[in-house]
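Enquirer: Below you will find the structure I want to go over with you.
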Amino acid sequence: MKDIRLCLVETEKRIRNLKLSYNKVLDTKGSLEGLNIEVKNILENLKSPLDYLAVYLHDKYVNCGKSHNIYFPLLKKSEEFENVFKGNLHNIENHLCGIKAKIESIQPYKSDWMLNFHSLVNEYKHIRLIPQIEKTLRVVVKNNANNGEASWDPNYVKFRSVVYVMGAPINPGTQMPVSSPNIKVEVWKDFIFEEKNMSVLKSLQLFYREIAKFINEIMLLENTVKH
């Protein structure tokens, strides 16, 4: 289990560093090209603890007498899961009761987050880097004179002529408010997987949390069986 823990710690660190890199891109208007590679690597690193876990469970609980590659079963259909589980982990349920149900609970056909993770890891792994785009999520206008505040999603709200929001004129060309001494303008941005319309950072953080949680649950299951 030590390898699994080390992998999770390293992956969490890489996600934190990725957040810093995104902030730098926003500040400097830099390129996302190198970050696409890092995101691909983080996705693959997130899959590794699950494969390490499968090897750990096989070596500790399964006595099949065969030498073969072991990987964590992730399938889109229940019948496929049954076959792969049987081929990889054989009679493990005899030694660790409840493990099959636990592993099945995070299969893509049962779990939305795993469906997205599985899709991102497999669809793009051998084809190309996952395209990302910078997206403005919200524009916020704050009026310091009266402590007023207004916000909107520029992806859905469009201004066809000059209007005033919290005393700030909106430029219909840029769709952005004009700041002044009393007016503060904030623009909330994010980077998304273009073809999935999902936030890159929020998705990676969710995948990390769910995978770490699942591995902790397996360890608790082990302790329960021992006692």
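No lab work stands behind these numbers, since they all come straight from the coordinates. The structure presented is a predicted model; accordingly, all values stated were derived computationally and were not measured. Note that we place each Cβ from the backbone using ideal geometry, even for glycine, and neighbour counts take in every protein chain shown.
Enquirer: Grab the other residues whose beta carbon is less than 15 angstrom from that of ARG16, score K and R as +1, D and E as -1, and report the net.
Expert: +3
Enquirer: While we're looking at this one, here's another question. Within region 1-64, count lysine pairs with alpha carbon atoms under 25 angstrom apart where the residues are 8 or more positions apart or belong to different chains.
Expert: Lysine pairs satisfying the spacing and distance rule in region 1-64 number 14.
Enquirer: For the Cα atoms of the chain, what angle does the longest principal axis make with the long axis of helix 78-89, in degrees from 0 to 90, nearest 10?
Expert: 60
Enquirer: Another one. If I model a spin label as a point 7 Å beyond the Cα along the Cα-Cβ vector, how far apart are those points for ASN69 and TRP188 in nm?
Expert: Result for the modelled spin labels: 4.3 nm.
Enquirer: A further question follows. Report, to the nearest 10°, how far helix 2-28 tilts away from the longest principal axis of the Cα atoms in the chain, using its own Cα long axis and a range of 0 to 90°.
Expert: 20
Enquirer: Could you derive backbone 3J(HN,Hα) for region 189-198 from the dihedral phi with the Karplus parameters 6.51, -1.76 and 1.60 (θ = phi - 60°), listing whole Hz in sequence and x where the residue is Gly or Pro?
Expert: In residue order, the calculated couplings are 10, 8, 10, 10, 6, 4, 7, 10, 6, 10 Hz.
Enquirer: On to the next question. Gain in length, TYR164 to ASN91, computed as 0.36 nm per residue apart minus the alpha-carbon separation, to one decimal in nm?
Expert: Numbers: separation 73, 0.36 × 73 = 26.28 nm, distance 6.89 nm.
Length gained between TYR164 and ASN91: 19.4 nm.
Enquirer: Could you run the Karplus curve 6.51 cos²θ - 1.76 cosθ + 1.60 with θ = phi - 60° over region 107-114 and give me ³J(HN,Hα) per residue in whole Hz, x for Gly and Pro?
Expert: Calculated HN-Hα couplings, in order: 5, x, 7, 10, 10, 5, 5, 6 Hz.
Enquirer: Summing Lys, Arg as +1 and Asp, Glu as -1, what charge do residues with Cβ under 10 Å from the Cβ of SER111 carry, SER111 excluded?
Expert: Combined, the nearby Lys, Arg, Asp and Glu give -2.
Enquirer: Sticking with this structure for a sec: Please list, short to long, the whole-number percent of alpha-carbon pairs of the chain in consecutive 5 angstrom bins beginning at zero.
Expert: Whole-percent P(r) values from 0 Å outward: 1, 6, 12, 14, 13, 12, 10, 8, 7, 6, 4, 3, 3, 1, 0, 0.
Enquirer: Roughly how big is the chain's charge dipole about its Cα centre, with Cβ charges of +1 (Lys, Arg) and -1 (Asp, Glu), in debye to the nearest 20?
Expert: Rounded to the nearest 20 debye, it is 340 debye.
Enquirer: Given the alpha-carbon gyration tensor of region 132-193, what are the semi-axes of its equivalent ellipsoid in whole angstrom, ordered largest first, with each equal to the square root of 5 times an eigenvalue?
Expert: On the way: eigenvalues 93, 39, 15 Å².
Computed over region 132-193, the values are 22, 14, 9 Å.
Enquirer: Something else now. Would you please give the FRET efficiency between GLN175 and LYS24, computed as 1/(1 + (r/R0)^6) with r the Cβ-Cβ distance and R0 = 41 Å, to the nearest 0.05?
Expert: The computed FRET efficiency comes out at 0.95.
Enquirer: Hey, another quick one. Excluding LEU206 itself, what net charge comes from residues whose Cβ is under 11 Å from its Cβ, given Lys and Arg +1 and Asp and Glu -1?
Expert: Cβ neighbours under 11 Å give a net charge of +1.
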